[in-house]
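Everything below concerns the one structure shown next.
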Amino acid sequence: MLSGPVPDSIGKLSKLEELHLHENRLSGSLPSSLGNLRNLKLLLYSNQFTGLIPDSFTNLTNLMHLDLHGNALTGQLPVKIGEMQAIEKLDLSNNLLEGNIPLSLTNLNSISELYLDGNHLEGAIPFPSSSGQMSALGFLRLNDNHLTGRIPQNFGYLVSLQRVSLANNKLEGAIPSSLGSLSALTELYLNGNLLSGQMPKSISQLSRLILLNISHNLIQGPLPSEFSSLENLQTLDFSFNRLKLVSFPKWLSEMPSLSKIYLAGCGIRGKIPEFLRATPSPIQELDLSANHLTGSLPAWLGSLTQLYSLNLSRNFLVSGIPDSVTNLQHLGVLDLNSNRLTGPISKVFEIGNAFPDGSLTYIDLSNNNFSGGVEQLGIGAQTGMQYLNLSHNFLIGRVPSSIGRLKSLQTLDLSYNKFGSKIPEALANVSSLERLKLQKNQFTGNIPVEFLKLKKLLELDLSDNFLVGEIPMGKPLSEFPESSYSGNKGLCGKPLAPCNS
């Protein structure tokens, strides 16, 4: 692996056509002499370059491919970047670039891929002023910057666009109706902005659209029923806008390809609509969190056999988990937190997986009224579990030692329950554990000395239990604050008071 700066003498290689130095540890500034290599294809991504992009790069009028993504480049884009007329792919993503995007960029009529995402760019997005400019552009990523202003109507001049992400900026105003003329568009990400007004009906003309994400904006309802004509749409996300849908739009359940539906925080009321059990394309991901759903979890949920992710958190659902959930053999993510659910949680851990190495990876049942024990549950069978949160319930009894078989677990939160007996030593076998929260229970005995093996542990809370003895000496246990152990009258040792000899 190469390291250190690129020598300035590289500019003497006048006939050099390709330079592949990506994924090394090259550092320092980019030499301005690279601007002498008029026939160059330049790949320098995933290094550690710092400093400015040399203005001399705009001399590379035959350069077709410039990739500098994943460095630490600073400063502004060269004002004359639009003079690089031959460029087809420009990737400056994931750097520290700032300032405005130069208007001259719209002169790059050969460009098909433009990636400026993950920087600190600001100001308005320059768009073509006529239909001939940037007409070959198919892939555009400007997401995760600080861009402001409106999306203008002449956005529709970019007729070759296939994938667009303007997400996570500060764009405002209405979504222009001219987007409906982008007939090649397959993916559109406008999430995480300040866009307002209603969705333009012209979006329904995008017959090739596969993914539409407008979440986390200020869009108002209703959603145009004309969207039902988007026969290739697979993923739709309108979460956290100002839609106030009241009821789930039935036409969504009739779209032939739609399998991933995100309508969190959309003001939907009433019961989970039964027509979701018979959609033309089997539902794979369903997020109706942060609405006003009432009633119980319907037994027909078990008929959604292709379901991978189900999020019904932050609603007003009651009753228990239906036995039919054991049919969800593809389920990887289950989030039911902050409802009014009751009864045992055993059925969740009886879900068999259709894949030999498959497993639920994320379970959040926190902030409900679940009760009963977990000792006899098959928790250890979910070997791919990464996140398990059962906090703020009424669970009792012993935590089974089988929990030590969750080799991928990163977060375990059993706080605010009535678990008792000793903390299982087997937890020390979960070497991936980063967050362990067992506070406000009735655990007794010593803190297992084996916990010293949990080298990745970043957060620990054992407070307000009945633990006794000396806190095992050494990292990481002795590095946590007093609050991690407070409320256990029998505990002593660093960071608490010393034990009596």
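Things worth noting here:
For every residue, the table says whether it meets (1) modelled with pLDDT of 95 or more; (2) surrounded by 15 or more Cβ atoms within 10 Å (Cβ to Cβ); (3) more than 27 Å from V348 (Cα to Cα).
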{"position": "T235", "(1), (2), (3)": "yes, yes, no"}
{"position": "S239", "(1), (2), (3)": "yes, yes, no"}
{"position": "F248", "(1), (2), (3)": "no, yes, no"}
{"position": "L258", "(1), (2), (3)": "yes, yes, no"}
{"position": "I261", "(1), (2), (3)": "yes, yes, no"}
{"position": "F275", "(1), (2), (3)": "no, no, no"}
{"position": "N291", "(1), (2), (3)": "yes, yes, no"}
{"position": "T305", "(1), (2), (3)": "no, no, no"}
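- Applying the condition of being out of contact with any Phe, Trp or Tyr (no Cβ under 8 Å at 6 or more places or on another chain) and either in a strand (DSSP E or B) or hydrophobic (A, V, I, L, M, F, W, C) (or both) to the range 339-371 and asking which residue is modelled with the highest pLDDT yields L365.
- Condition check for R38: closer than 20 Å to I87 by Cβ, surrounded by fewer than 16 Cβ atoms within 10 Å (Cβ to Cβ) and in contact with a Ser or Thr (Cβ under 7 Å, 6 or more places away or on another chain): yes
- Look at (1) in contact with a Ser or Thr (Cβ under 7 Å, 6 or more places away or on another chain); (2) buried (at least 22 other Cβ atoms within 10 Å of the Cβ) and you find that S177 fails only one, number (2).
- Single residue of the range 444-454 satisfying the filter (over 11 Å from I471 (Cα atoms) and under 35 Å from the mean Cα position of the chain (by Cα)) that is surrounded by the most Cβ atoms within 10 Å (Cβ to Cβ): L454
- Taking the listed residues I447, I403, the one that is part of a loop (DSSP other than H, G, I, E, B) and among the aliphatic types (A, V, I, L, M) is I447, with no other qualifying.
- The residues of the range 263-273 that are surrounded by fewer than 18 Cβ atoms within 10 Å (Cβ to Cβ) and within 17 Å of L307 (Cβ to Cβ) amount to a single one, P273.
- Enumerated strands (runs of 3 or more DSSP E) restricted to the range 59-129, each holding at least 2 residues that are out of contact with any His (no Cβ under 7 Å at 6 or more places or on another chain): 65-67, 98-100, 113-115
- Some residue of the range 362-369 being aromatic (F, W, Y) and more than 12 Å from V348 (Cβ to Cβ): no
- Total residues in the range 202-261 satisfying the condition of being of a type outside the set (A, V, I, L, M, F, W, C) and closer than 24 Å to G138 by Cα: the figure is 14.
- Residues located in the range 96-127, provided they are of a type in the set (A, V, I, L, M, F, W, C) and surrounded by fewer than 16 Cβ atoms within 10 Å (Cβ to Cβ): L96, L103, A124
- Set K494, K440: member being assigned to a loop (DSSP other than H, G, I, E, B), buried (at least 16 other Cβ atoms within 10 Å of the Cβ) and either at positive phi or touching a Phe, Trp or Tyr at 6+ places or on another chain (Cβ under 7 Å) (or both): K440
The values are calculated or read from the model by the stated rules, or taken from the named source; none is laboratory data. None of the values given here were measured: they were computed from a predicted structure. Glycine also receives a Cβ, built like all others from the backbone with ideal geometry; neighbour counts cover every protein chain displayed.
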